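Peer 1: I'd like to ask some things about the structure below.
The values are calculated or read from the model by the stated rules, or taken from the named source; none is laboratory data. Computed from a predicted model, the values in this text were never measured in an experiment. Positions of Cβ are backbone-derived with ideal geometry, glycine not excepted, and every protein chain shown enters the neighbour counts.
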Amino acid sequence: MNEKVMSGVRNVAIVGPYLSGKTTLLESLLFVTGAISRKGRTSDGNTVGDSSQEARDRQMSVEVSTASTEYDNVRLTFVDCPGSVEFAQETYNALIGVDAAIVVCEPVSDRVMTLAPLFKFLDDWEIPHLVFINKMDRANNNFMDVLHALKTVSSRPVIPHQYPIGQGEQLSGFIDLVSEQAYHYHPGAAADPVPMPDALKEQEQAARAEMLEELANFDDHLLEELLEEINPPQEEILQDLKMELGADLIVPVFLGVAEQDYGVRPLLEALLREAPDPSTTAERRGIVLHADAPLAQAIKTYYTPQGGKISLVRVWQGRLTDGIVLNGVRTGGLYRLMGQQQQPLTSAEAGEIVVLGRLEGIKTGDTLTASGDPLATELPKAEQMAPVFALAITPEKRNDEVKLSSAISKLLEEDPSLAWEQHGDTHEVILWGQGEIHLQVALDRLRRKYNLPMTTHQPRVPYKETIRKPASSIHGRYKHQSGGHGQFGDVYLDIKPLSRGEGFNFSQAIVGGVVPRQYIPGVETGVREYLVHGPLGFPVVDVGVTLTNGSYHSVDSSEQAFKQAARIAMQEGMPKCEPTLLEPITAIQVCAPAEFTSKVLQLVSGRRGQILGYEGKSDWSGWDCVSAYLPQAEMHNFIVELRSLTMGVGFFNWKYDHLQEVPDKLVERVIATSGNGNGNSAH
């Protein structure tokens, strides 16, 4: 009891795949601990978590939700994280601020694969985590089969802490493998101790032996006891569980039905008894708690309709008070969150997760100090996920264009896995994210929070064009008479293709001053202006133009006239040079479990990709990475199809690599679908 009072804070993330029941588990945890008097339901839109309108519209978590409660004199702050892979950045940013994580999953062996990236992140960051197999009343698989599947995706030993009594919809209780006490579930109450069912003694013994053998790998004394067939005392087993879980050496597995509160109390007791306290977490992160100076880190940013910007922060050291100055910014309010409800505080101690108001200029992941000393050690932050899905966006009302960049900046502060660009070639505003739902949520926020409804379309591919053969002595003459001085320019140009990637080169070979030196820049300008929009309707690249001859008029010639003459020559000559269309090619690396590698190869090949090879992904056991060149035109929806082929876990990185000729059979279609042939038209 004293230990629980002393270690008075636990920060626990609730993570897991979409539809595993994380938000339902949070409701149960809050209800069982008395923080709420009535549980909400996701389908009714009245849960503490998922309180934003975007989450309720979709009945899924789209951002981090936080709620605090007290249990047995310990303050528990739960951080409910989105399950969809499209919102994984939210989850990763929040995980760096917690002491432990509950990984929620369903009792379906085939779906356990979806946990692989999450387990990888937890293990890379050494974040202690335990598994709660939810919905055990709907179990389609044997408990031990699910346990085995969990072992295939975890680099840490996965060990049972409990064993179920009953199978499928007949789930009636569990056996605690530490005490070997059986319990019977009761709706709305704690489970009762009952005698061990005779039919399960053998299975219980096997599961317990597995748990003890894994613990003995880290405890020589326990190993000796097992070798001498001595039954170790409960206190020793619990101490080992606490030590090994706290060091992220093992992954204990619990089970239950969150909707009925089954298994939730034992889970809470394990968190208090076995999960590490905040000082242990700080020590593991290399934060030496030697000073009273405040040290905190922003793990999530929100823009609220009433209070403006608020930042969810983990206090690593010292104490925060209302109005404290962090990084040179005076905070405007200190709160504890309960969903969207803010509970005012006067101070927050080391180890707590709280909300600070009006931290302008502070981004998610930033380290916060009272002095704002730029030399202070920056705390590590979660790696930024590269965007993989794009939409071109335009305000429905043209007058709203001036408000767009400010609103998008706030959107990106709330969700750093978004990105945007004003494309130089197509002049489109392009919003980048992690998938279609991710961008739809961002667009909903633009409409609701900032009154900026958008129209969207698939971004245009920035095609270019070039030429295949040269043309010589192309004549261009511009003559214009309209009273007073006329206009006269006369040029001969040679046009030739250049190697891919050389761009544009202009030169002159004028002899005898047939084109005076002062007019030659006008010729180059005319050529450059023409190349913005070539004969196929796209910007021209990899072309060399040489001014070889011409003539001028001593009175009527001007730089402007020679510019027009050059344009006329280019209009005349370029169609004779066999213009051809070029498309951007990306270098792409697609990563997925090895069992899906053949499907990934087919997906890339089916989109005109050129496979360069594949190899095992370093540090990812059982994963392959496929390297390929993929036309940018084939990238839209690539992530959607990849996820559907790989149970949602496949991902890719890409970057622009080179331009390549569009296959002849596709050229006409590209030109036709570009509308008026202008591949770089603006809205």
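Peer 1: Here is a check on your reading of the model: is residue 62 aliphatic (A, V, I, L, M), buried (at least 24 other Cβ atoms within 10 Å of the Cβ) and modelled with pLDDT of 95 or more? Break it down stepwise before answering.
Peer 2: Values: aliphatic (A, V, I, L, M): yes; buried (at least 24 other Cβ atoms within 10 Å of the Cβ): yes; modelled with pLDDT of 95 or more: no.
It is false that residue 62 is aliphatic (A, V, I, L, M), buried (at least 24 other Cβ atoms within 10 Å of the Cβ) and modelled with pLDDT of 95 or more.
Peer 1: OK, next. Being in a strand (DSSP E or B) and either small (Gly, Ala, Ser) or farther than 14 Å from residue 326 by Cβ (or both) is the filter here, so list the residues in the range 348-365 that pass it.
Peer 2: Residues satisfying the conditions are 348, 353, 357.
Peer 1: Looking at 419, 350, which one is outside the structural domain of residue 313 (by TED's automatic domain parsing), touching a residue at least 12 places away in the same chain (Cβ under 8 Å) and touching a strand residue (DSSP E or B) at 6+ places or on another chain (Cβ under 8 Å)?
Peer 2: Details: 350 fails: outside the structural domain of residue 313 (by TED's automatic domain parsing).
Going through 419, 350 in turn, just one is outside the structural domain of residue 313 (by TED's automatic domain parsing), touching a residue at least 12 places away in the same chain (Cβ under 8 Å) and touching a strand residue (DSSP E or B) at 6+ places or on another chain (Cβ under 8 Å): 419.
Peer 1: Here's another thing I want to ask about it. Go through 559, 578 for me and flag whichever is in contact with a Lys or Arg (Cβ under 6 Å, 6 or more places away or on another chain) and of a type in the set (Asp, Glu).
Peer 2: Just one listed residue meets the conditions, 578.
Peer 1: Sticking with this structure for a sec: So for the range 429-446 (the condition being more than 30 Å from residue 651 (Cβ to Cβ), free of Cβ contacts under 8 Å to residues at least 60 places away in the same chain and not assigned by TED's automatic domain parsing to the domain that holds residue 303), does at least one residue qualify?
Peer 2: Looking for residues that are more than 30 Å from residue 651 (Cβ to Cβ), free of Cβ contacts under 8 Å to residues at least 60 places away in the same chain and not assigned by TED's automatic domain parsing to the domain that holds residue 303, one finds none in the range 429-446, hence no.
Peer 1: If you don't mind, there's one more thing I want to ask. Kindly indicate the residue of the range 387-409 that is among the hydroxyl-bearing types (Ser, Thr, Tyr) and without any contact (Cβ under 8 Å) to a residue 60 or more places away in the chain and also farthest from residue 419 (Cα to Cα) among those meeting that condition.
Peer 2: In the first step, residues of the range 387-409 are kept if they are among the hydroxyl-bearing types (Ser, Thr, Tyr); the result is 394, 405-406, 409.
Next cut, without any contact (Cβ under 8 Å) to a residue 60 or more places away in the chain only: 405-406, 409.
Details: 405: 12, 406: 13, 409: 9 Å.
The extreme case among them is 406.
Peer 1: When you go through 332, 323 one by one, which is the residue that is without any contact (Cβ under 8 Å) to a residue 24 or more places away in the chain, surrounded by fewer than 19 Cβ atoms within 10 Å (Cβ to Cβ) and in a loop (DSSP other than H, G, I, E, B)?
Peer 2: Answer to the check: 323.
Peer 1: Moving on. Is it the case, given these coordinates, that residue 563 is within 30 Å of residue 640 (Cα to Cα), among the charged types (D, E, K, R), at pLDDT 95 or above and touching a helix residue (DSSP H, G or I) at 6+ places or on another chain (Cβ under 8 Å)? Quick ask: steps written out before the conclusion?
Peer 2: Numbers: within 30 Å of residue 640 (Cα to Cα): no; among the charged types (D, E, K, R): yes; at pLDDT 95 or above: yes; touching a helix residue (DSSP H, G or I) at 6+ places or on another chain (Cβ under 8 Å): yes.
The answer is no for residue 563.
Peer 1: Something else: Could you tell me whether residue 352 is of a type in the set (Asp, Glu), surrounded by 15 or more Cβ atoms within 10 Å (Cβ to Cβ) and out of contact with any helix residue (DSSP H, G or I) (no Cβ under 6 Å at 6 or more places or on another chain)?
Peer 2: Yes.
Peer 1: Which of the residues that make up the range 603-624 are modelled with pLDDT of 95 or more and within 19 Å of the chain's Cα centre (by Cα)?
Peer 2: none
Peer 1: Among the numbered criteria (1) surrounded by fewer than 21 Cβ atoms within 10 Å (Cβ to Cβ); (2) touching a Lys or Arg at 6+ places or on another chain (Cβ under 6 Å); (3) under 23 Å from residue 153 (Cβ atoms), which single criterion is violated by residue 594?
Peer 2: All conditions pass for residue 594, except number (2).
Peer 1: Ok, one more. Show me the helices (runs of 4 or more DSSP H) entirely contained within the range 591-683 in which 2 or more residues are closer than 20 Å to residue 580 by Cβ and in contact (Cβ under 8 Å) with a residue 60 or more places away in the chain.
Peer 2: Filter on the range 591-683 gives 664-673.
Peer 1: Within the range 116-130, how many residues turn out to be surrounded by fewer than 24 Cβ atoms within 10 Å (Cβ to Cβ), assigned to a helix (DSSP H, G or I) and in contact with a helix residue (DSSP H, G or I) (Cβ under 9 Å, 6 or more places away or on another chain)?
Peer 2: The initial filter retains those residues of the range 116-130 that are surrounded by fewer than 24 Cβ atoms within 10 Å (Cβ to Cβ), namely 116-117, 119-121, 123-127.
Then keep just the ones that are assigned to a helix (DSSP H, G or I); that gives 116-117, 119-121, 123-124.
Cutting the leftovers down to in contact with a helix residue (DSSP H, G or I) (Cβ under 9 Å, 6 or more places away or on another chain) gives us 116-117, 119-121.
Count: 5.
Peer 1: I'm checking my understanding of the structure. Among residues of the range 447-483 that are under 30 Å from residue 557 (Cβ atoms) and loosely packed, with under 14 Cβ neighbours inside 10 Å, which one is modelled with the lowest pLDDT?
Peer 2: 483
Peer 1: Of the conditions (1) at pLDDT 90 or above; (2) farther than 24 Å from residue 87 by Cβ; (3) touching a Ser or Thr at 6+ places or on another chain (Cβ under 8 Å), residue 345 fails just one. Which one is it?
Peer 2: Only one criterion is unmet by residue 345, namely (3).
Peer 1: In the range 509-551, which residues are in contact (Cβ under 8 Å) with a residue 40 or more places away in the chain and among the acidic types (Asp, Glu)? Walk me through how you get there before you give the answer.
Peer 2: Just the residues of the range 509-551 that are in contact (Cβ under 8 Å) with a residue 40 or more places away in the chain, to begin with: 510, 515-516, 518-520, 522-527, 530, 532-551.
Hits for the range 509-551 are 524, 542.
Peer 1: Test residue 538 against the stated conditions and say whether it is aromatic (Phe, Trp, Tyr) and part of a helix (DSSP H, G or I).
Peer 2: Working: aromatic (Phe, Trp, Tyr): yes; part of a helix (DSSP H, G or I): no.
For residue 538, the condition - aromatic (Phe, Trp, Tyr) and part of a helix (DSSP H, G or I) - is not met.
Peer 1: Still on this structure, please answer the following. Going through the range 420-429 one residue at a time, which ones are surrounded by fewer than 19 Cβ atoms within 10 Å (Cβ to Cβ) and touching a Leu at 6+ places or on another chain (Cβ under 7 Å)?
Peer 2: Scanning the range 420-429 gives no hits.
Peer 1: Still on this structure, I have one more. Find the strands (runs of 3 or more DSSP E) located wholly in the range 151-198 whose residues include 1 or more that are assigned by TED's automatic domain parsing to the domain that holds residue 129 and among the hydroxyl-bearing types (Ser, Thr, Tyr), and list them.
Peer 2: 162-165, 181-186
Peer 1: Further question: Which residue is nearest to the chain's Cα centre (by Cα), if the candidates are limited to the range 335-349 and must be under 22 Å from residue 89 (Cβ atoms) and crowded, with 19+ Cβ neighbours inside 10 Å?
Peer 2: Only one residue tops the list, namely 339.
Peer 1: Please determine, by comparing only the residues of the range 67-76 that are surrounded by fewer than 24 Cβ atoms within 10 Å (Cβ to Cβ) and not aromatic (Phe, Trp, Tyr), which one is nearest to residue 445 (Cα to Cα).
Peer 2: Result: 68.
Peer 1: Moving to a separate point now. Take the residues of the range 279-320 that are charged (D, E, K, R) and surrounded by fewer than 23 Cβ atoms within 10 Å (Cβ to Cβ): which is farthest from residue 64 (Cα to Cα)?
Peer 2: Selected residue: 292.
Peer 1: Inside the range 28-55, can you point out the residues that are without any contact (Cβ under 8 Å) to a residue 24 or more places away in the chain and crowded, with 17+ Cβ neighbours inside 10 Å? Step through it out loud before you land on a result.
Peer 2: Going through the range 28-55, the residues without any contact (Cβ under 8 Å) to a residue 24 or more places away in the chain turn out to be 36-46, 55.
Once the filter is applied, which keeps residues that are without any contact (Cβ under 8 Å) to a residue 24 or more places away in the chain and crowded, with 17+ Cβ neighbours inside 10 Å, the range 28-55 yields 36, 39, 40, 42, 55.
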